[in-house]
Amino acid sequence: MRLYILAISFLLANIGASAQKEELKRKAKWFYGWRNVNNGIQVARVDAGGTMEALGLKANDIITEVDGISVASDKNRYGTILDSKRDGDSISMTVLRNGEPLTLKSIVVGLGKAISNSYDILYESTAFNEGRIRILIKKPRTSKPVPVVLFIPDFPCWPTDAFLYDNYARLADKWVENGLAVVYVEKSGLGDNENTPDCETTDFNTEVSNYEAGLRYLYNASFVDKENIFLYGHGIGGIVAAKIAAVNKIKGVIVYGTTFRKWSSVWLDRIRLHALWNNHDMVIEEKKLNEASNIFYQFFHQLIPAKSLYEYPANRQVMEDYLSYDAANQTILNRSASYWQQLDTINIPGLWSKANGYKLIMSGEKDYEQPFDLEEEMITETANSYKPVSASLISLRNIDHNLNTIELPVKELFRTKSRSSAFNTGIADLTCRWLRATIEKSAYIDPEIVIPRDTSLINLKKMGAVITKGKFSTQDKVRAVIGWANANLEWTATDYVNRSAKEVLCKKGGNCNEEKKVVVALFDELGIKTRTIREINIQPENSQREKQSEELIASRGNSYSVFGLRHNDHVWIEYWDQENKLWEPADPTTGLIGLNEWLKSRVGFSERPMNKILPTKDMLVPFFIAAVDDSNRIVETRSNYYLVKSFNDVYNKNLSRLPAWSGWRKLIEAAEPGATGALKGKVNLHDQNKLIKEIMDSYETLKTEYMTFIRSNH
């Protein structure tokens, strides 16, 4: 940790001083390199601007005493003395230079203070137990009170100076640009703090108290709009945020990559998943995990000290491998054992049931540190169960735990440990919009929706606002509208009458195309971009459907050949996901939303979810998908995206390893001209019944091969 702080000091060397008055002096900056030798600390180099230069140290000097205290035989004492020094303190060192003793004296040079051309950076402090902790503030340059975000990072012991340059800083800078202040609270024992326990030895409850001290500071700070105080919790910081929100008045909470279940349960599942991604032998791995489970039970549930458990030789390897236990320092992941034991006793669902304010719950698609989306879903459901319409859930594409943009599949990302320095701006844009919307929120809209029988009385704009009340993200709004349509509009067979969206609403139902009209009309009012999707899918043989189609082809043309003996058509939409910048599927008839949900239910090999619409059980698999405009003209074929690329991706690219895959791809490609021609009314798709049968057979073969592949690999 000391070396890390020294590295940060290089970053802060030349950033000038702030005019703000402070109660805590800045920590010393040393600016040198060193190595241990038998008779002391040997200086490897001296860099400009630090205390070592002010002392007059030179490379190859050997430090033997600091302030009259020998450090030759106690290198830890040397580090403790240096850590205690603050800007303006005096210091003396005795060194051996060319074998001769020499005493050097100077005034300690402290770390500089960060400055910004765009906003104010303030170095304040507040009382904490018997000491004081640093409060670092970024705020807009205004004399008026502003909304504020209290930033609660993940569990590692990182100093707040680090948050001036990383992705945390990039996220916070966006909030400041949007008129909010961001406040960091130094963890105990770090940075400029005085008389606070070392971070690595403090427990979880002490850390929560640390951030509660920061919140009390905000309640009394003149620059804070007291009606708009928010918490941001990252990783385990999300649990800290929930604990604080459960007992304090705040406007809202944002969390990313956090957990709902007990930490020990999530940690074991994480180990298991990572082993699977690393292609470990899962039989052997499960045996090891059973041993680990016993130790986890003794440590987390029986609260047996880690030191006592480690005394048994049989436990040592498991504790080192699965708990990252450091016997020398008695820490787990560089935090005290009591930190993790206290964390595991917390009733996290209970916290979210009581949490005050609005909540934005976020997960990252490429977050292999917390890879279980169900955790965030359970948080959202619990919060909304106890305080309806208070929580919004969003899953962000191509973002890892550290807020980087990642294109690799998460499994490959984990195996290669690839890193990206590209900050994911999507999370910044999303949180800025949510914060602004939440600050502006007043009373909830009445949730009751009454559909009148007269189309002139239907107000689509108001209806959309009521359905999406309390929803902020595009995903949440789409889920609300699709869910409402699926629950409130009754599916009926096609009667070939052209109706408007309002007429379908008055009728309280319709076919898939009519339900699509309703949700598109609502999305138009909500400003959500959509486009219509035409699909043709494989169905069980139905001679009556074929006969009806042939009659319509004879009277109305080839466009009615999109359904027949072994196929049928279907209509849904894609919406433009503003947060992730891509088209996503949404189907009001089936209630399916999002690519993964759509793939599992429409092309997946496993048992598919039940649906209240009876005909959907016969949708075996699509073989043609296209986006069309308002005149039903094809603007983009989507078959390859859904039925080849994404189909393969959802099965971890294992489909492309199967013998039947090449044939499937060729058949999907071969079906496109005929299906396109049928939609245009130029081709009778019934002439391609043989091809459609081949597609159906190919899908079944692919399914059989995949199931065999899975069994053989287990």
- Return the FRET efficiency for the residue pair Asn334, Val283: r is the Cβ-Cβ distance, R0 is 35 Å, and the value is rounded to the nearest 0.05. 0.65
- Item | Mean projected area (nm²) of the alpha-carbon convex hull when the range 473-631 is viewed from all directions | 9.5
- Item | Per-residue HN-Hα couplings for the range 89-96 [Karplus 6.51, -1.76, 1.60; θ = phi - 60°; Hz; x = Gly/Pro] | 5, 8, 8, 10, 9, 9, 10, 9
- Message: Per residue of the range 188-197, what does 6.51 cos²θ - 1.76 cosθ + 1.60 with θ = phi - 60° give for ³J(HN,Hα)? Whole Hz please, x for Gly and Pro, Karplus curve as stated.
- Response: 3, x, 10, x, 7, 3, 10, 6, 10, x
- Item | Solvent-accessible ranking of Phe372, Phe163, largest area first, probe 1.4 Å | Phe372, Phe163
- So the angle from the long Cα axis of helix 474-488 to the longest Cα principal axis of the chain, reported in degrees to the nearest 10, equals 40
- Query: Rg/Rh for the range 250-406: what does it come to with C-alpha atoms and Rh from Kirkwood?
  - Reply: 1.01
- Task: Just name one of Leu218, Leu457, Ile695: the one whose Cα is farthest towards the positive end of the charge dipole of the chain (beta-carbon charges, Lys/Arg +1, Asp/Glu -1).
- Result: Leu457
- On the formula 1/(1 + (r/R0)^6), with r taken between the Cβ atoms of Arg633 and Arg272 and R0 of 41 Å, the FRET efficiency rounded to 0.05 is 0.25
- For the chain, any Cys whose C-beta has no other cysteine C-beta under 4.7 angstrom counts as unpaired, and these are Cys432, Cys506, Cys512
- Query: Once both axes come from the Cα atoms, what is the angle between helix 661-679 and the longest principal axis of the chain, in degrees from 0 to 90, rounded to 10?
  - Reply: 50
- Nearest-20 debye value, the chain charge dipole, Cβ charges on Lys, Arg, Asp, Glu: 900
- Note on the structure: With every protein chain in place, the accessible area of Lys477 for a 1.4 Å probe, in Å² rounded to the nearest 10, comes to 50
- Query: Sorted by mean Cβ packing within 10 Å, highest first, what order do the peptides 149-161, 328-340 take?
  - Reply: 149-161, 328-340
- How far is it, in nm, from the label point at Lys680 to the one at Ser712 when both lie 7 Å from their Cα along the line to the Cβ? 4.3
- Task: Give the peptides 528-541, 388-401 in descending order of average Cβ contacts within 10 Å, highest first.
- Result: 388-401, 528-541
- Message: Are there any GluC sites (Glu not before Pro) in the range 316-377 that are in a DSSP loop and have at most 16 other Cβ atoms within 10 Å? List them by number.
- Response: Glu369
- Message: Please list, short to long, the whole-number percent of alpha-carbon pairs of the range 33-170 in consecutive 5 angstrom bins beginning at zero.
- Response: 2, 8, 14, 17, 14, 12, 11, 10, 6, 4, 2, 0, 0
- Query: Hey, what do the phi angles of the range 462-470 turn into as Karplus ³J(HN,Hα) couplings, whole Hz, using 6.51/-1.76/1.60 and θ = phi - 60°, x for Gly and Pro?
  - Reply: 5, 4, x, 5, 5, 4, 9, 4, x
- Task: Using R₀ = 60 Å, calculate the FRET efficiency as 1/(1 + (r/R₀)^6) where r is the Cβ-Cβ separation of Glu177 and Ser543; round to 0.05.
- Result: 0.40
- Looking at the range 319-406, what % of its DSSP beta bridges pair antiparallel, to the nearest 5? 45
- Query: Can you list the equivalent-ellipsoid semi-axes of the range 189-248, largest first and in whole Å, using the square root of 5 times each Cα gyration tensor eigenvalue?
  - Reply: 22, 16, 9
- Relative frequency of Cα-Cα separations exceeding 15 Å in the range 229-280, percent: 55
- Note on the structure: Options (1) -0.59, -0.67; (2) -0.41, -0.56; (3) -0.48, -0.62 are given for log10 I(q)/I(0) by the Debye sum over Cα atoms at q = 0.06, 0.07 Å⁻¹, and the computed one is (3)
- Pull out the extension gain between Thr704 and Arg141, defined as 0.36 nm times the separation in residues minus the alpha carbon to alpha carbon distance; nm, one decimal. 196.2 nm
- Item | Area accessible to solvent at Asp577, 1.4 Å probe radius, in Å² | 0
- Item | Part-to-part distance (alpha-carbon centres) for the range 466-489 and the range 627-693, which is given in Å | 30
- Once both label points are put 7 Å beyond Cα along the C-beta direction, the Lys690-Arg433 separation in nm becomes 5.1
- Item | Global size of the range 294-377 as Cα Rg and Dmax, reported in angstrom | 16.0, 49
- Taking amide hydrogens as modeled 1.01 Å from N in the peptide plane, which residues meet the under 5 Å criterion relative to Ser116, leaving out close sequence neighbours? Ile121
- So how much slack lies between Arg97 and Leu303, counting 0.36 nm per residue of separation and subtracting their Cα-Cα distance, in nm? 68.9 nm
- Note on the structure: Rounded to the angstrom and largest first, Cα extents along the principal axes for the range 314-427 equal 49, 36, 20
- Message: Let me cross-check Glu514: its accessible surface, 1.4 Å probe, with only protein heavy atoms counted, in Å² to the nearest 10?
- Response: 10
- Determine the calculated [θ] at 222 nm for the chain from helices alone, applying -39500 (n - 2.57) to every DSSP H run no shorter than 4 residues and normalising by the residue count; nearest 500 deg cm²/dmol. -11500 deg cm²/dmol
- Task: Over the chain, calculate the relative contact order: mean separation of alpha carbon pairs under 8 Å at least 6 apart, over the residue count, as a percent.
- Result: 7
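The values are calculated or read from the model by the stated rules, or taken from the named source; none is laboratory data. This one's a predicted model, so the numbers in the text were calculated from it and none came from an experiment. Please note: Cβ atoms are built from the backbone with ideal geometry, for glycine as well, and neighbour counts cover all protein chains shown. SASA here: full protein model, heavy atoms, side chains in, ligands and nucleic acids out. Shrake-Rupley method; radii C 1.70, N 1.55, O 1.52, S 1.80 Å.
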